[in-house]
Each structure stands twice: as structure tokens, then as C-alpha cells.
Amino acid sequence: MEISNTMEETIKKIRSDLRLAMNGVISASMREKGMNYRMNFGVDIPKLRAIAKRYVPNAVLAETLWQSEMRELKILSTMLHPVTDFSKDKAEKWASEIPNQEIREQVCMNLFQKLDFAHELVEKWIYAVDENLRTTGFWLFVRLAVSGSPVLKNRDIQVIVGRAIGDLSAASVFVRQSALNVLKCAGRKSPAIAGRILNELSSFCDSENPMEREIFDSLRFEFEYAEE
């Protein structure tokens, strides 16, 4: 992608903003927790949001930042891409390029959930063979549920719940956790769905597998708390 001189100056200014806001302690802490980036300034999310507000959203700028291997530039790209210029094809491309869970959460919250076709992405991605894409589909559903999106109808939720239940035994911890979050969100919104989830997972209650018992207890506690 060819970048204009003006765009290059903008990126230089953004990098300067990031250097002034960098936090070595946070960066080191992230590395210790296994969040490895090629470059990480340790700038927290509120500061990144403040930096993003200094710049006009621009699709070319955002695409350029997304291709960077610097944590902060990649997160800023999700804040600076105009929603109206973001196509289904680009959503598929970006979703396939998500490098870790932090970026997944940021792109779902800052960009994907605002798309008019977000629910279509959820319905497609939760059936993907690729576990990373399924994880993104589940996280996007959670974001839509948390934001109170009206596009998710009861029929859609029932289908998504069934898929999430099936992925509670997935090999990937990220798939399992995202599937569990889906069930928690869905059950909190509907006592009927909560009952269905606990009924279908009743074998987990006294399972010899500690992970299954923990999942059941976590869901039951979540739904009981929601009723109070």
C-alpha cells in the first residue's frame, strides 16, 4: 500500500504521541504474562483512546496501522477505521490476522460490533474450522450482547448457545473460555435459555472431570446471581 507524505507525517506524529505515553512497567508486566509483541510501549487503553481522538478516522491510515507489529498501533487501527468504510471482506481479512486475545477483544469492541452486518459475522465465524476465528465469533457475540444490540433475536441466540455448548470441550483454552462467556451472557438475558444450558450440561454437575464441574458451578452461580 502506497502511503502519502501527509499520511507518513501523521504516523510519525502518532509514534511520537506513543513514546510520550509509554510505560515500561506495564510493558514488562505484559511480557511476563505471555503477551508478546514485537514492539510494546505499554500504553494503557484509556490513553490510547485519548490519542485516537486527536486524529481523523481514515481507512488508509487504519489499514496501515493494522499491518504494524507494534501493539499500540494495531489497537489504534481498530479505533481509527471508519465503520462505514469497513466491508465484509475486510472483516474476514482482519479476523484472520488477529495475533492474540487482547487484539481480538479490542477489534471486536472498537470496530466489529459497530458494523451493520456484525450478527452475520457471528453466525458465520462460530462454525469456522479455524479455532481462532471461532473464538472471535464468540467474542463478537458477547460484545453484541453486552451492548444490547437489537439484531440478535432469540432464534439466533439459541443457535449460538448450541454451538458454544459444543465448544466447551475444545482443545483451545481461548475457544473454551469464549464459549463459556457466550453461555453466561445468553443465560443472563433469558431464564429459559439459562435453564436449557444447565439442563444440557447436567452431566457436568457431578462429573469426574474437575474442569467440567467448575464450568457447571460457574454457570449456575452466574444465573443465580442474575436472578437476584
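So here's what we get for this one:
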{"read-out": "Per-region count, segment 177-211, residues in contact (Cβ under 8 Å) with a residue 12 or more places away in the chain and within 24 Å of the chain's Cα centre (by Cα)", "value": "16"}
{"read-out": "Residues of segment 146-197 that turn out to be small (Gly, Ala, Ser), over 16 Å from Trp125 (Cα atoms) and in a helix (DSSP H, G or I), as a count", "value": "5"}
{"read-out": "Among the residues listed as Lys93, Lys74, the single one being part of a helix (DSSP H, G or I), outside the structural domain of Ile215 (by TED's automatic domain parsing), out of contact with any helix residue (DSSP H, G or I) (no Cβ under 7 Å at 6 or more places or on another chain) and within 29 Å of Lys53 (Cα to Cα)", "value": "Lys93"}
{"read-out": "Segment 45-80, residues that are among the acidic types (Asp, Glu) and closer than 15 Å to Arg15 by Cα", "value": "Glu69, Glu72"}
{"read-out": "Qualifying position, being out of contact with any Cys (no Cβ under 6 Å at 6 or more places or on another chain), closer than 22 Å to Met30 by Cβ and touching a residue at least 24 places away in the same chain (Cβ under 8 Å), among Glu123, Glu105", "value": "Glu105"}
{"read-out": "Flag for Arg134 being crowded, with 20+ Cβ neighbours inside 10 Å and of a type in the set (D, E, K, R)", "value": "yes"}
{"read-out": "Positions within segment 101-112 being within 11 Å of Ala91 (Cα to Cα) and assigned to a helix (DSSP H, G or I), in sequence order", "value": "Val107, Cys108, Phe112"}
{"read-out": "Matching entry among Ala186, Ala194, Ala170 (being more than 21 Å from Cys108 (Cα to Cα), crowded, with 20+ Cβ neighbours inside 10 Å and of a type in the set (A, V, I, L, M, F, W, C))", "value": "Ala194"}
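The values are calculated or read from the model by the stated rules, or taken from the named source; none is laboratory data. Small disclaimer: the values here were computed from a predicted structure and weren't measured. For neighbour counting, all protein chains shown are included, and Cβ atoms are generated from backbone atoms with ideal geometry for every residue, glycine included.
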